[in-house]
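> This structure is in structure tokens; I'll ask about it shortly.
The values are calculated or read from the model by the stated rules, or taken from the named source; none is laboratory data. It should be emphasised that the depicted structure is a prediction, and the values quoted were computed from it without experimental measurement. Here the Cβ positions follow ideal geometry from the backbone for every residue, glycine too, while neighbour counts run over all protein chains shown.
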Amino acid sequence: MYAWIFRHLPGPLAAKILLSLVLLAGIVYLLMEFAFPWASQYSPLNDSTIESTGR
């Protein structure tokens, strides 16, 4: 899949590398802003089993 994307990017090698980094940064941004916060509400890892004593 990554080779297919890289082959279809326009320009010389340096431009392809730069566009690949921009695409990667965009994907990471979208995951951090939208996908992971949405999925965290369904994760059991956020449930706390320690109760405070109220002191």
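> Quick one: count up the residues across segment 23-47 that are without any contact (Cβ under 8 Å) to a residue 12 or more places away in the chain and surrounded by 10 or more Cβ atoms within 10 Å (Cβ to Cβ).
Qualifying residue count for the region: 16.
> Still on this structure, I have one more. For segment 11-21, indicate whether the set of residues that are in a loop (DSSP other than H, G, I, E, B) and modelled with pLDDT of 80 or more is non-empty.
Yes, segment 11-21 contains a residue that is in a loop (DSSP other than H, G, I, E, B) and modelled with pLDDT of 80 or more.
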